[in-house]
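A.B. asks: Please find one structure pasted underneath; my questions will follow.
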Amino acid sequence: MPFDPERPYNDLPSLPPSQDVETKTVLKACIEARAVLAELRISGRLIPNPAVLINSIPLLEAQASSEIENIVTTTDRLFRFANDAGDHADAATKEALRYRTALHQGFHMLAKRPVSTSMAVEVCRTIKGADLDIRATPGTKLLNEDTGRVIYTPPEGASLLRDKLANWERYIHEEDDVDPLIRVAVMHYQFEAIHPFTDGNGRTGRVLNLLYLVEKGLLDIPVLYLSHFIIQHKPDYYRRLLEVTSESAWEPWILYMLQAVRETAQWTTAKISAIRELLDQTAEQIRQEAPKIYSRELAEIIFVHPYCRIGDLVTAKIAKRQSASVYLKALVKLGVLAEIRAGRENLYTNPALLRLLSEQNSPRPRLK
């Protein structure tokens with residue numbers, strides 16, 4: 001029976017795909033993507049304090065992944081409200097911050113269990129801030145944003161969805177003769193096609209992609225800014241997904257995902273190198289111009305927290321509260337930080353880092 005977008009796709013084929021997904025073209029692209037991903041992994045290890053990356057790149061990923069679903073916020077708002085759990089942020093910023101939280105929580109879950117259906121449920125609950133579960137009610141349909149036309153109706157029935165997720169889970173962990181980068185492309189399509197939740201499927205699937213790459217040892221920490229590529233090629237993303245469903249066009253989809261990994265890894269590596277260079281420049285400026293307060297830890301904390309509070313220095317045991325205030329005001333005087341009033345407290349921003357993070361290209365760092 002031909003694919004009918006108006007009809008629930010209960011006949012979604014089980015994994016593995018019936019056709020060969022490791023064609024010569026795919027394997028060549030896979031080798032190239034793996035090489036660039038290895039460079040990213042090495043680059044991340046060159047920053048002694050991993051919190052510098054964990055607190056920055058995942059927020060960029062959160063912003064972009066949310067924007068794919070038309071939840072739009074800014075880099076500045078994300079970093080401003082990151083430390084207070086977004087309590088005073090607008091709704092879009094809160095939702096993007098929940099994506100970052102879900103990614104962090106999933107990363108810590110990997111120490112106890114692999115990527116799974118139960119992990120997907122927990123990730124989606126965190127992203128949506130709701131106690132949801134596998135979709136049980138019918139009526140979910142995916143529409144074309146421009147025309148409003150139904151382009152896909154996912155499978156229906158909680159039992160069927162759980163069966164398909166069980167098959168999905170077996171594939172990603174047992175199909176060991178297929179390269180993990182190819183498996184992540186297959187698993188992402190299948191998860192989106194199953195569409196197990198009423199909302200949050202795309203973002204949950206993209207979190208699972210990063211967690212799976214960590215689980216398989218291709219990343220140390222989830223700092224691949226994959227949504228950056230998808231934002232730039234959003235129509236292709238949805239078109240390629242749909243073509244797997246309607247035409248079994250696996251190769252173009254897998255090549256799209258491998259290109260996303262390759263280009264994203266190159267972009268992220270360049271961004272990390274620029275962050276590392278800016279951090280070194282900042283540390284040297286503090287050492288030269290304010291030697292009495294200098295420590296490497298002080299330089300790093302304003303990169304871990306681009307919107308820094310006095311309490312951040314106290315928590316990191318860099319200084320007690322009165323000294324911490326003196327240190328931050330000294331950095332303002334140097335031009336390293338800028339001071340802004342936020343309610344009852346002062347925030348100390350790192351303008352050079354925020355500028356670097358907000359730029360889509362990866363320029364050479366600029367202190368001033």
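The values are calculated or read from the model by the stated rules, or taken from the named source; none is laboratory data. Quantities reported herein were computed from a predicted structural model and do not represent experimental measurements. Neighbour counts run over all protein chains shown; Cβ positions are idealised from the backbone, glycine included.
A.B. asks: On the given criteria, is residue 94 in a helix (DSSP H, G or I), among the charged types (D, E, K, R), touching an Asp or Glu at 6+ places or on another chain (Cβ under 9 Å) and assigned by TED's automatic domain parsing to the domain that holds residue 243? Full working, then the answer.
C.D. replies: Values: in a helix (DSSP H, G or I): yes; among the charged types (D, E, K, R): yes; touching an Asp or Glu at 6+ places or on another chain (Cβ under 9 Å): yes; assigned by TED's automatic domain parsing to the domain that holds residue 243: yes.
So residue 94 passes the test.
Condition check ((1) touching a strand residue (DSSP E or B) at 6+ places or on another chain (Cβ under 7 Å); (2) surrounded by fewer than 16 Cβ atoms within 10 Å (Cβ to Cβ)) across all residues:
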site: 93; (1), (2): no, no
site: 96; (1), (2): no, no
site: 100; (1), (2): no, no
site: 115; (1), (2): no, no
site: 144; (1), (2): yes, yes
site: 152; (1), (2): yes, no
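A.B. asks: If you go through segment 187-204 one residue at a time, do you hit one that is β-branched (Val, Ile, Thr), over 24 Å from residue 122 (Cα atoms), in the same structural domain as residue 99 (by TED's automatic domain parsing) and more than 16 Å from the chain's Cα centre (by Cα)?
C.D. replies: No, segment 187-204 contains no residue that is β-branched (Val, Ile, Thr), over 24 Å from residue 122 (Cα atoms), in the same structural domain as residue 99 (by TED's automatic domain parsing) and more than 16 Å from the chain's Cα centre (by Cα).
A.B. asks: Is it true that some residue in segment 212-220 is within 19 Å of the chain's Cα centre (by Cα) and at positive phi?
C.D. replies: Within segment 212-220 (the criterion being within 19 Å of the chain's Cα centre (by Cα) and at positive phi), the answer is yes, since at least one residue qualifies.
A.B. asks: Among the numbered criteria (1) assigned to a helix (DSSP H, G or I); (2) in contact (Cβ under 8 Å) with a residue 60 or more places away in the chain; (3) crowded, with 16+ Cβ neighbours inside 10 Å, which single criterion is violated by residue 347?
C.D. replies: Here residue 347 meets the rest and fails (1).
A.B. asks: Of all residues in segment 5-44 being without any contact (Cβ under 8 Å) to a residue 40 or more places away in the chain and under 30 Å from residue 150 (Cβ atoms), which is farthest from the chain's Cα centre (by Cα)?
C.D. replies: Among residues in segment 5-44 that are without any contact (Cβ under 8 Å) to a residue 40 or more places away in the chain and under 30 Å from residue 150 (Cβ atoms), the one farthest from the chain's Cα centre (by Cα) is 11.
A.B. asks: To continue, here is another question. Could you check segment 232-270 and list, in sequence order, the residues that are among the small types (Gly, Ala, Ser) and within 18 Å of the chain's Cα centre (by Cα)?
C.D. replies: Within segment 232-270, 260, 265, 270 meet the criteria.
A.B. asks: Working carefully through the options 53, 132, find the one that is more than 18 Å from residue 215 (Cβ to Cβ) and in contact with a Lys or Arg (Cβ under 8 Å, 6 or more places away or on another chain).
C.D. replies: Residue meeting the stated conditions: 132.
A.B. asks: Being touching a residue at least 60 places away in the same chain (Cβ under 8 Å) and closer than 21 Å to residue 69 by Cα is the filter; apply it to segment 239-255 and report the residue that is surrounded by the most Cβ atoms within 10 Å (Cβ to Cβ).
C.D. replies: The extreme case among them is 253.
A.B. asks: Sort out which residues of segment 284-309 are more than 12 Å from residue 52 (Cβ to Cβ) and part of a helix (DSSP H, G or I), and write them in order of number.
C.D. replies: 284, 285, 286, 287, 288, 289, 298
A.B. asks: Based on this model, can you work out whether residue 304 counts as modelled with pLDDT under 95 and not assigned by TED's automatic domain parsing to the domain that holds residue 222?
C.D. replies: In short, yes.
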